[in-house]
């Protein structure tokens, strides 16, 4: 069994490499690493061997990023993967331990100030002034960023409309709903019309409708040519990005278009609905075809090398043991399954080493 | 440095203060309230104290003296002892705090117009009360001996202590102006909390990513607390003068000038320290440890400045403000004689502000 898994893993890894190569090649310059490349003006964000240690733990490790201008780049990964640390370093509010980082061609390690007028940064936690009203928060950031007095009122009005906060302009920010707070945070980060946006889990803990509205706003910014780097725990959001980087233990272990990443799931997917999932899960440990197994609430996601061949065998296997199941069908793997698989794989590799 | 950004920070900071009732309370009336509370706790007005007498003379003069002293409301006569060691034993047992020793020949000396002596023993374990009591006792003996005074004998009974400016040793007169130094620590506590709060709530992270510069941020924090510091100092001074009836022998304008320097020094140091701190409870503890605790014990507020700790004492802003306040209120002194203290306060304010601006980093973690 172990042997089989190993072989399959090898194959999958090979496939991954091929697929991600092709995915990357579709995006200009996504591959370039700036110390070697002379023309890096196309990339909005470039890092080279970026490291950040906190005492004994290494939060970001040998990170090489190359994000082309004008795209939405989604940074995903488990908690503690180093996403927030990466964004903080790129925003110039955290000094890297070593390595280089350029945003819009500016060296943010040496001189973060030069980038500030062009950067919009939205930290993970609500970071505005709760005792100031929506309007006062926007005005404060407009003044700090030096938005010309003549343009200020019009621009703030536009942002209020944009974020659908017009009716709440006088309300203290602390008294807004979670979704409205996030939209105000975004509006404040946009008040100076930045060319690049760094958003750290901007929709975390927000209801689905507000999330959708938030992404509508990001869509418009994308059309205006703003480069957006966003971290998110939601895979449906990751699928909306042009390019997704999967971060694990401080570095990108996989990068590609969502479509390409989705295909990195281990083999083909069979979805199994059964009343007694726990028992089924235990039994399936003795079923040889399965490469990987993930539990999703009321169903099991089983990965097999060949779904067509495994399905009848699995049905027979379960009937023999008198296990009831309500449905068993093949489905397209989603980004989430690929994500879980890739992280498990990385963890296993680490445990082995 | 941009005036526009400084102005934005200033307005924001004033709004924070005016909209949070707790902060507003802390930077306006609470120093006056703190002054009142502490003035009652630390007034050290005399507690009536038990005194025993060892009269070796047993002359009419010595009895007169003992009788005169027993009239004083502050002294409770605790009888006579027959031997000197008894006096010590009584004190050791805590039954008396004061002992008066009248030497043989006391009456004869006075009658002959010669100088004589008395010895006063005080219980050192109750330093503050006893020392004032001893000084008071010395004054009473001096008063009693006036009839024996002549040109040839200016001090018939030799005394050890002398008190100036506050002849009745009103603890409150000397304590209230000094306690202003403690009460005016509250604005620096508030500013330290304000800096830490900004980091704790996360708004500092947003701000750090903007083009705001260190001097704008630091001055934007400092100035509003200076303004409210002056307002609250005005209220506390009013309490000192109107409620505690401390005589104001100097000029109010001088006092406000000195107060401004003290506020700058304390706020400046507070901002410098808290710029390295990321949460409110640590900031609060730092300010308490830095100002409140040493200010009570090292600045001459309660116990005189220890010679060996003079350098430490002089590096505390409160030391200078205590000295200045007592001098302005009770001695009526002004800038000339107090220039040294004023200069050191100015230096502390300037130095801490410059250091903060230079060491300030727009970073988290």
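In this structure, is residue A:78 in contact (Cβ under 8 Å) with a residue 24 or more places away in the chain, closer than 28 Å to residue A:246 by Cβ and within 11 Å of chain B (Cβ to nearest Cβ)? Here the answer is no, as residue A:78 does not meet what is asked.
Per this entry, residue A:234 is counted among residues that are within 21 Å of residue A:177 (Cα to Cα) and in the same structural domain as residue A:121 (by TED's automatic domain parsing). Within this structure, residue A:225 passes the test of being farther than 17 Å from residue A:122 by Cβ, in a loop (DSSP other than H, G, I, E, B) and away from every other protein chain (no Cβ under 13 Å). Given the criteria surrounded by 14 or more Cβ atoms within 10 Å (Cβ to Cβ) and either more than 14 Å from chain A (Cβ to nearest Cβ) or outside any helix (DSSP H, G or I) (or both), does residue B:10 qualify? Taking the combined requirement at face value, the residue does not satisfy it. Within region B:301-325, the set of residues being part of a loop (DSSP other than H, G, I, E, B) and in contact (Cβ under 8 Å) with a residue 60 or more places away in the chain comprises B:301, B:302, B:303. Can you spot a residue in region B:26-46 that is under 30 Å from residue B:85 (Cα atoms), touching a strand residue (DSSP E or B) at 6+ places or on another chain (Cβ under 7 Å) and modelled with pLDDT under 90? No, region B:26-46 contains no residue that is under 30 Å from residue B:85 (Cα atoms), touching a strand residue (DSSP E or B) at 6+ places or on another chain (Cβ under 7 Å) and modelled with pLDDT under 90.
Might you check whether a residue that is assigned to a loop (DSSP other than H, G, I, E, B) and in contact with a strand residue (DSSP E or B) (Cβ under 6 Å, 6 or more places away or on another chain) occurs anywhere in region A:288-297? If you could, list the steps in order and put the result at the bottom.
Of the residues in region A:288-297, the ones assigned to a loop (DSSP other than H, G, I, E, B) are A:288-289, A:297.
So of that shortlist, the ones also in contact with a strand residue (DSSP E or B) (Cβ under 6 Å, 6 or more places away or on another chain) come out as A:289.
Looking for residues that are assigned to a loop (DSSP other than H, G, I, E, B) and in contact with a strand residue (DSSP E or B) (Cβ under 6 Å, 6 or more places away or on another chain), one finds at least one in region A:288-297, hence yes.
Residue B:76 meets each of the listed conditions (1) crowded, with 19+ Cβ neighbours inside 10 Å; (2) at pLDDT below 90 apart from (1). When region A:184-216 is filtered for residues that are within 21 Å of the chain's Cα centre (by Cα), buried (at least 21 other Cβ atoms within 10 Å of the Cβ) and over 20 Å from residue A:227 (Cβ atoms), only A:206 remains.
Could we say that residue B:87 is touching a residue at least 12 places away in the same chain (Cβ under 8 Å) and in contact with a helix residue (DSSP H, G or I) (Cβ under 8 Å, 6 or more places away or on another chain) here?
Values: touching a residue at least 12 places away in the same chain (Cβ under 8 Å): yes; in contact with a helix residue (DSSP H, G or I) (Cβ under 8 Å, 6 or more places away or on another chain): no.
No; evaluated as a whole, the condition is false for this residue.
Would you check if residue B:328 is without any contact (Cβ under 8 Å) to a residue 12 or more places away in the chain, surrounded by 14 or more Cβ atoms within 10 Å (Cβ to Cβ) and assigned by TED's automatic domain parsing to the domain that holds residue B:253? Answer is no for this residue. Restricting region A:117-148 to residues that are assigned to a loop (DSSP other than H, G, I, E, B) and more than 7 Å from chain B (Cβ to nearest Cβ), the residue that is surrounded by the most Cβ atoms within 10 Å (Cβ to Cβ) is A:147.
Conditions (1) assigned to a helix (DSSP H, G or I); (2) touching a helix residue (DSSP H, G or I) at 6+ places or on another chain (Cβ under 9 Å); (3) modelled with pLDDT of 90 or more, marked per residue:
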site: B:330; (1), (2), (3): yes, yes, no
site: B:336; (1), (2), (3): yes, no, no
site: B:345; (1), (2), (3): yes, yes, yes
site: B:350; (1), (2), (3): yes, yes, yes
site: B:356; (1), (2), (3): yes, yes, yes
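Residue count for region A:200-214 satisfying the condition of being under 27 Å from residue A:68 (Cα atoms) and either more than 12 Å from chain B (Cβ to nearest Cβ) or out of contact with any helix residue (DSSP H, G or I) (no Cβ under 9 Å at 6 or more places or on another chain) (or both): 8. So which residues in region A:153-172 are in a helix (DSSP H, G or I) and surrounded by 16 or more Cβ atoms within 10 Å (Cβ to Cβ)? The answer is A:155, A:156, A:159, A:160, A:162, A:168. With respect to the conditions (1) out of contact with any helix residue (DSSP H, G or I) (no Cβ under 7 Å at 6 or more places or on another chain); (2) within 10 Å of another protein chain (Cβ to nearest Cβ); (3) assigned to a loop (DSSP other than H, G, I, E, B), residue A:109 falls short on a single one, namely (2). Considering B:250, B:257, B:268, the condition of being outside any helix (DSSP H, G or I) and either touching a residue at least 40 places away in the same chain (Cβ under 8 Å) or under 14 Å from the mean Cα position of the chain (by Cα) (or both) is satisfied by B:250 alone. Taken over region B:213-242, residues that are surrounded by fewer than 22 Cβ atoms within 10 Å (Cβ to Cβ) and within 12 Å of chain A (Cβ to nearest Cβ) amount to 3.
Under the condition of being within 23 Å of residue A:261 (Cβ to Cβ) and in contact with a helix residue (DSSP H, G or I) (Cβ under 6 Å, 6 or more places away or on another chain), the residues counted in region A:48-76 number 5.
The values are calculated or read from the model by the stated rules, or taken from the named source; none is laboratory data. Small disclaimer: the values here were computed from a predicted structure and weren't measured. FYI the Cβ positions are ideal-geometry reconstructions off the backbone, even for glycines, and counts take in every protein chain you see.
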